[in-house]
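Engineer: What follows is a structure written as structure tokens; I'll ask about it next.
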Amino acid sequence: MASLAEIRAKYPQYEDMDDKAFADAFYQKFYSDIPRAEFDAKLGITNFKVDAATNQPAGVPQYQPPGVEGYDPQSGEVTRQHKETALDGPAAFALGGVDGVPVAGPALTAITKGAASIIPAATTDATFGEVYDDMGRMAEDVERKHPIASTAGRVTGAVAGTLPLIRFAPAAFGVGAGPLGIRMAASGLSGAGLGGADSAVRSGGDAEATAYGAFQGGAAGVAGPVIAPLIGQGVKSVADNLQLGSVARSIGADKVATKFLAKAFGEDALDASAHAELQKLGPDGMLMDLGPNMKNLGAGLFSLPGEAKQVIKSAVQARDEASNWRIRSTLNDELGVTPVPSKVEARIERNQQRLGPQYRESFRGAPPAKIGGIARYLDKEGQVLRGDAQRAVQKARSMLNKTGTEQLETDPNVLLQTRMAIDDMIEAAKGSNERNALQTTRQAIDDALTDAAPLVKEADANYAELARQKTALQRGQTVLGDGREAPRPIELAEEFKQGALPQGKQIGPSAVPLRLRQGARAEIERIVGTKANDRVALKNIIKGEGDWNRARLSTLFGKEKAGKIIDLLDRENLFKETSDHVTRNSESGARISAQRMLTGEPGGFGAREAFMAGGPGGAVRAAGIKGLDNIVEALRAVKSDASRGHIGRVLTQGDGQIIDALMKANRGSGLSASKVDNIARALLLSSATNR
């Protein structure tokens, strides 16, 4: 048989055919009766063997049409290629999430691909089926290149698809109360049903796959009621611990200290309103002042040696030492500098004495006073009245005569002196009859003086104004008392109002309100001077038991200033309570702990029982000591002096941001263990689906 080259030369009309095609045609036409390998050998053909990788004869490179992407050398078909973008990762997650939904995942995936194929199919020459297939290939390519995102999406989809089932029928998944065995059985049945159904859908109804999915789902369901709560508590514990660490860093403490502080803060039922309470205490307020448990925490630290005790001791001692200064400076700022009553009275009396020239001027050129009628009236009254009233009238009658004679004195100057003498007699009068008789006599003499010298009333008005001021100064020193002489708030308000009105010939407002304020301010200063070291007594005297003194102070100094004074006393009283509680109660707690340590006994009728034997009040105090003793024992277990020091420094601060931090610590991470429980169940069940 001739060679292939010789045969091709014999048939030049087939020169356009390649060797393989020519040999195939020649074999089929003339030599199909012999084996092809024998035919190829006789023709000398050795290079027609096809390389499976290139789909070309051996040694021939793979064919790749220039400028054509997606060419498949095996099939010769061109497939549209997907270009990598930044959205491929999220797309892989989304595709995995849709497909991961138990049972419904494959259907949802098909719906998603179909929806995405509608527009391309309508706007290109490709059919819907071709576009749908392309979408499927692109989705597989994206998920293959982003396996982590795809897996995360499938887990998310599985959990998202399972959670609604758990919420809708919690008992079916072993959630809630009841015997553990029953809950495990119910959860196992539900898990088996879910796993089997999902496997059946994904395997096209394959019995073996369905049974295996039911088995896995049942196993996960049985484990759920046992494992999921543990996972929920564990995750919540980790989240809460991270939250606690964040809070601790924000307040400059460690976790141990922050837990103690947050616990005491919560037990005092403190919330956002603590901001207002702390602000009301001013710059000297401390977190220890906000509640009994915060105070107990400070007292517990004070009873133990170490840095914390020194921190608290220094802070409390410094605040106590500045108490007198705070009280006096606030009083001076709000009420003014304290007047000295004796000096004010002396000044008023000097001003009265300086009215002498005005009186003399009013009598210049005045005619003789007409007092005959007064003399006859007094002569008659002297015959009728008896006792002190008779003697007073007779004495007044004698003063109408010229000294050493029976002749009436008509000089207005002398008559003025007579009136002043009768004023002294009225002030010293003991009985009402005597006083009435003298007041009638005084009025008659005053009328005679006015008739003789009308200008005397102007001097009288000035004198009377000064006399009213003197009386008001004395009255002001009694208004904060609790005796019968102290006015009721409504009475003081009326006195204050009427006191400002001018009297007689006076022009302009009276200074009586000023003298009332000065008297009250002087009395407050006297109380502070004698009771400053006893802040409780100071508060009780100035503030009083009820609200009368607040109303009185409001009348005298204004509502705002009165409020600031009362707030000052309340603050100082609270500061003292904190100081006493921290230092004295801590000593009691330390003594109790020492007693237990020395005797080795948990109880016995010792200091605690003696303290508790004081009746109802003792019971209240005992409760405080019990709480303190527990805190002392708990703090003693804290081996780190640094942790105790952190607690002490925070307790002695007045930073409102710490309140926010402690509230945050008590809220925890906000993660619900039950929600984590459900998610854990869903995760367990999802392990049996979506395979």
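The values are calculated or read from the model by the stated rules, or taken from the named source; none is laboratory data. Given the structure is predicted, the values throughout are model-derived calculations rather than measurements. Ideal geometry is used to build each Cβ from the backbone, glycine not excepted, and the neighbour counts take in all protein chains shown.
Engineer: Restricting to the range 273-295, and then to whatever is part of a helix (DSSP H, G or I) and among the aliphatic types (A, V, I, L, M), can you tell me which residue is surrounded by the fewest Cβ atoms within 10 Å (Cβ to Cβ)?
Structural biologist: Looking at the filtered set, the residue picked out is ALA276.
Engineer: Assess whether GLN417 counts as being over 19 Å from ALA464 (Cβ atoms), in the same structural domain as ILE524 (by TED's automatic domain parsing) and either among the basic types (Lys, Arg) or free of Cβ contacts under 8 Å to residues at least 12 places away in the same chain (or both).
Structural biologist: no
Engineer: OK, next. Restricting to the range 461-498, give me the number of residues that are within 29 Å of GLN358 (Cβ to Cβ), of a type outside the set (Phe, Trp, Tyr) and in contact with a Leu (Cβ under 9 Å, 6 or more places away or on another chain).
Structural biologist: Number of matching residues: 8.
Engineer: Which residues, taken from the range 319-353, are surrounded by 15 or more Cβ atoms within 10 Å (Cβ to Cβ) and basic (Lys, Arg)?
Structural biologist: Of everything in the range 319-353, those that are surrounded by 15 or more Cβ atoms within 10 Å (Cβ to Cβ) and basic (Lys, Arg) turn out to be ARG319, ARG326, ARG328.
Yes/no matrix, rows are residues, columns are (1) assigned by TED's automatic domain parsing to the domain that holds GLY654; (2) on the phi > 0 side of the Ramachandran plot; (3) at pLDDT 90 or above; (4) not aromatic (Phe, Trp, Tyr):
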site	(1), (2), (3), (4)
SER273	yes, no, yes, yes
LEU278	yes, no, yes, yes
ASN293	yes, no, yes, yes
GLY306	yes, yes, no, yes
LYS313	yes, no, yes, yes
ARG350	no, no, yes, yes
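Engineer: A further question follows. Tell me whether the range 402-411 contains one or more residues that are surrounded by fewer than 14 Cβ atoms within 10 Å (Cβ to Cβ), of a type outside the set (Ser, Thr, Tyr), touching a helix residue (DSSP H, G or I) at 6+ places or on another chain (Cβ under 9 Å) and in the same structural domain as SER432 (by TED's automatic domain parsing).
Structural biologist: Yes: one or more hits.
Engineer: Name every residue in the range 445-461 that is in a helix (DSSP H, G or I) and crowded, with 19+ Cβ neighbours inside 10 Å, in order of residue number.
Structural biologist: ILE445, ALA448, LEU449, ALA452, VAL456, ALA459, ASP460
Engineer: Another question, if that's okay. What pairs come out if I take residues in the range 443-454 that are in contact (Cβ under 8 Å) with a residue 40 or more places away in the chain and over 13 Å from GLY373 (Cβ atoms) and pair them with residues that are buried (at least 17 other Cβ atoms within 10 Å of the Cβ) and small (Gly, Ala, Ser) whose C-beta lies under 7 Å away, six or more apart or interchain?
Structural biologist: Final answer for the pair search is LEU449/ALA369; ALA452/ALA366; ALA452/ALA369; ALA453/SER362; ALA453/ALA366.
Engineer: Based on this model, can you work out whether GLY382 counts as at pLDDT below 90 and in the same structural domain as PRO368 (by TED's automatic domain parsing)?
Structural biologist: No, not satisfied.
Engineer: Going through GLY213, GLY191, GLY232 one at a time, which residue ends up being out of contact with any strand residue (DSSP E or B) (no Cβ under 9 Å at 6 or more places or on another chain), buried (at least 17 other Cβ atoms within 10 Å of the Cβ), closer than 30 Å to SER669 by Cα and not polar (S, T, N, Q)?
Structural biologist: Being out of contact with any strand residue (DSSP E or B) (no Cβ under 9 Å at 6 or more places or on another chain), buried (at least 17 other Cβ atoms within 10 Å of the Cβ), closer than 30 Å to SER669 by Cα and not polar (S, T, N, Q) holds for just one of GLY213, GLY191, GLY232, which is GLY232.
Engineer: Under the condition of being surrounded by fewer than 21 Cβ atoms within 10 Å (Cβ to Cβ) and farther than 21 Å from ARG535 by Cα, which residue from the range 569-593 is modelled with the lowest pLDDT?
Structural biologist: Among them, the one singled out is ARG591.
Engineer: Right, next: So is PRO305 in contact (Cβ under 8 Å) with a residue 40 or more places away in the chain, farther than 24 Å from ILE542 by Cα and surrounded by fewer than 16 Cβ atoms within 10 Å (Cβ to Cβ) or not?
Structural biologist: It is false that PRO305 is in contact (Cβ under 8 Å) with a residue 40 or more places away in the chain, farther than 24 Å from ILE542 by Cα and surrounded by fewer than 16 Cβ atoms within 10 Å (Cβ to Cβ).
Engineer: Checking the conditions here, which among THR151, THR162, THR156, THR112 is in a helix (DSSP H, G or I) and free of Cβ contacts under 8 Å to residues at least 40 places away in the same chain?
Structural biologist: None of the other options fit; the residue is THR112.
Engineer: Among the numbered conditions (1) in contact (Cβ under 8 Å) with a residue 12 or more places away in the chain; (2) over 17 Å from the mean Cα position of the chain (by Cα), tell me where ASP206 comes up short.
Structural biologist: (1)
Engineer: Next question. Just to verify a result, which residue in the range 1-36, among those that are of a type in the set (Gly, Ala, Ser) and surrounded by 12 or more Cβ atoms within 10 Å (Cβ to Cβ), is modelled with the lowest pLDDT?
Structural biologist: My answer is ALA2.
Engineer: Check GLY176, GLY181, GLY196 and return the single one that is assigned by TED's automatic domain parsing to the domain that holds THR109, surrounded by fewer than 17 Cβ atoms within 10 Å (Cβ to Cβ) and outside any loop (DSSP other than H, G, I, E, B).
Structural biologist: Answer to the check: GLY181.
Engineer: So, one more: Inside the range 354-371, can you point out the residues that are exposed (fewer than 10 other Cβ atoms within 10 Å of the Cβ) and not in a loop (DSSP other than H, G, I, E, B)?
Structural biologist: Passing the criteria: only PRO357.
Engineer: Among residues belonging to the range 312-348 that are of a type in the set (Lys, Arg) and over 24 Å from LEU651 (Cβ atoms), point out the one that is farthest from the chain's Cα centre (by Cα).
Structural biologist: Among them, the one singled out is ARG347.
Engineer: If GLY285 meets every condition in (1) of a type outside the set (Val, Ile, Thr); (2) touching a Leu at 6+ places or on another chain (Cβ under 6 Å); (3) within 25 Å of ASP641 (Cβ to Cβ) apart from one, which number is that one?
Structural biologist: For GLY285, the failing item is (3).
Engineer: Among (1) under 17 Å from the mean Cα position of the chain (by Cα); (2) of a type outside the set (Asp, Glu); (3) within 14 Å of HIS646 (Cβ to Cβ), where does MET294 come up short?
Structural biologist: The one condition MET294 does not meet is (3).
Engineer: Determine which single condition ALA444 fails, assuming it passes every other condition in (1) closer than 23 Å to LYS497 by Cβ; (2) in contact with a helix residue (DSSP H, G or I) (Cβ under 6 Å, 6 or more places away or on another chain).
Structural biologist: Among (1) closer than 23 Å to LYS497 by Cβ; (2) in contact with a helix residue (DSSP H, G or I) (Cβ under 6 Å, 6 or more places away or on another chain), the lone unmet condition for ALA444 is (1).
Engineer: For the range 475-495, name all the residues that are touching a residue at least 60 places away in the same chain (Cβ under 8 Å) and under 26 Å from LYS457 (Cβ atoms).
Structural biologist: Residues satisfying the conditions do not exist here.
Engineer: Same structure, new question: Between SER398, SER329, which is within 17 Å of ARG442 (Cα to Cα) and without any contact (Cβ under 8 Å) to a residue 12 or more places away in the chain?
Structural biologist: SER398
Engineer: Let me ask something else. Among the residues of the range 115-131, which ones are in a helix (DSSP H, G or I) and either of a type outside the set (Phe, Trp, Tyr) or outside the structural domain of ALA209 (by TED's automatic domain parsing) (or both)?
Structural biologist: Within the range 115-131, ALA115, ALA116, SER117, ILE118, ILE119, PRO120, ALA121, ALA122, THR123, GLY129, GLU130, VAL131 qualify.
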